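The values are calculated or read from the model by the stated rules, or taken from the named source; none is laboratory data. Source: prediction; values computed, not measured. Here the Cβ is made from the backbone with ideal geometry for all residues, glycine too, and neighbour counts use every protein chain on show.
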Amino acid sequence: MISSRRRGRELALQMLFQWDSVQNSSPQSIFEAFQVQGASENVEGFAKVLVKGVIEHRSEIDQIIHKNAEHWTLNRMPIVDRNILRSSIFELLYLDEIPAKVTLNEAIEVAKRFGSEDSGKFVNGVLDNILQKNERLFQKLKSQEFQNKKINI
């Protein structure tokens, strides 16, 4: 059974795909287009948080991707991979309640489902690079690993 957050991530990806495809249309027009999907309130709410966050922080997020996706420009990346990276980086930076490893694993699974044969590996590589090089995210990851060890003792 797929969790409501996974469904929210998948719906957000579909919304961001449309947003990216139609020259950055307004978030409201995208939300209206996807209301017919019949998603639960939780799924739709989480998807909207991700989409609004990506759009609001796009410049910062794209800069992080640009610095960490070696030998790739944003325009050369497949649109699915680019938007999985965007929503995952937003999640890592701004949704502190979601563990970094959960975000990473979910991004890989969504990439495998919606992207190309190599999308899971590509998304994993870029996000892992970001987690290792971005001091703020590296500290989040290490803090969560420490908390998990404390709980398991």
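Determine which single condition Ser88 fails, assuming it passes every other condition in (1) more than 21 Å from Asp128 (Cα to Cα); (2) hydroxyl-bearing (Ser, Thr, Tyr); (3) in contact with a Ser or Thr (Cβ under 9 Å, 6 or more places away or on another chain). Unmet condition: (1). For region 95-107, the set of residues classified as over 16 Å from Ile65 (Cβ atoms), part of a helix (DSSP H, G or I) and free of Cβ contacts under 8 Å to residues at least 40 places away in the same chain consists of Val102, Asn105, listed by residue number.
Taken together, Asn42, Asn124, Asn105, Asn129 contain a single residue that is more than 17 Å from Leu16 (Cβ to Cβ), of a type in the set (S, T, N, Q) and within 11 Å of the chain's Cα centre (by Cα), which is Asn105. Taking region 16-56 as the search range and keeping residues that are at pLDDT 90 or above and buried (at least 20 other Cβ atoms within 10 Å of the Cβ), which one is farthest from Pro78 (Cα to Cα)? That would be Phe46.
Of note, Ala69 satisfies the criterion of being surrounded by 15 or more Cβ atoms within 10 Å (Cβ to Cβ), more than 13 Å from the chain's Cα centre (by Cα) and closer than 22 Å to Glu135 by Cα.
Scanning region 75-94 for residues that are in a loop (DSSP other than H, G, I, E, B) and either of a type in the set (D, E, K, R) or surrounded by 14 or more Cβ atoms within 10 Å (Cβ to Cβ) (or both) yields Arg76, Met77, Pro78.
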